[in-house]
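This report concerns only the one structure given below.
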Amino acid sequence: MHNAQGSRIISKGKVAVIGGTGLMGRALTRLLKDLNYSVYICSRTPSKARRVAGSLNVEAVEFESIPAMDIVLISVPVEATVPVSLKAIPLMRDGSLLVDVAAVKTPIVEAITGNLPESLEYLSLHPLFGPNIRRYKGENLIAVKAKPGPLSKRLLEDLKGGGLEVSTVSPREHDMIMASYQVLHHYALLSLASALIDHLESRNIALNPGFYTRSFKSTLKLLRRISGNL
């Protein structure tokens, strides 16, 4: 694998995306690459990291290359965020920035900040867009400035400059607001599914794909994720 220590320095800095072979990791790699960062993919499966890195026109590195990075971005399943972060922190050089993209903030931010040395910055982000996105302008991103500094400020400015709508909140505000939105959205979908089933059954009408509009197809996909009755 390539050793990032000897690569040329890009003005906006080097970013290691830990978990960069995942769908969200790939999306974030594309985003940061578009923002003129020098991005490196790191994975527990080196062969997969090389393959994905090649497809994205970036490089793959080993975990041991972390000291050469300006930013270490953790893009792993939420339950692995803290363990992977705690493994990366001792390798990070002074003044560098740790970033996570977990969808839950309070327990993760508390666990990481409790183990973060004074010499490191820490930014907790939540991209509110899916991994298959290709254009980022107008998309929402939540930022928790857990331990801000120059790199955090510059990264957020670059994300805004790239067209993202960035909102800054505390960890508890994030979790409270997101929980409310998700619960209400889920309830609305369940209510729609129930109403649709009652309406069709009361009129003895069967679902007929030949009558689906494009928007109804999209809605039905969402309903089928939460109901086995459609």
Quiz prompt | Checklist (1) over 19 Å from the mean Cα position of the chain (by Cα); (2) outside any helix (DSSP H, G or I); (3) closer than 24 Å to residue 150 by Cβ applied to residue 73, failing item | solution = (1)
Exercise. Provide a single number: the residues in the stretch 53-70 that are among the β-branched types (Val, Ile, Thr) and either assigned to a loop (DSSP other than H, G, I, E, B) or not assigned by TED's automatic domain parsing to the domain that holds residue 119 (or both).
Key: 2
Quiz prompt | Selection status of residue 60, without any contact (Cβ under 8 Å) to a residue 40 or more places away in the chain and surrounded by 15 or more Cβ atoms within 10 Å (Cβ to Cβ) | solution = no
Quiz item: Does residue 50 fit the bill of being at pLDDT 95 or above, within 12 Å of the chain's Cα centre (by Cα) and not in a strand (DSSP E or B)?
Solution: no
Quiz prompt | Identity of the residue in the stretch 168-219, of a type in the set (Gly, Ala, Ser) and exposed (fewer than 10 other Cβ atoms within 10 Å of the Cβ), that ends up farthest from residue 157 (Cα to Cα) | solution = 202
Quiz item: Restricting the first residue to the stretch 163-189 and requiring it to be in a helix (DSSP H, G or I), which pairs with a second residue that is surrounded by 11 or more Cβ atoms within 10 Å (Cβ to Cβ) and of a type in the set (Lys, Arg) meet a Cβ separation below 8 Å and a spacing of at least six or different chains?
Solution: 171/105; 172/105; 174/105; 175/105
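The values are calculated or read from the model by the stated rules, or taken from the named source; none is laboratory data. Small disclaimer: the values here were computed from a predicted structure and weren't measured. Cβ coordinates were reconstructed from backbone atoms using ideal geometry, including for glycine residues, and neighbour counts include every protein chain displayed.
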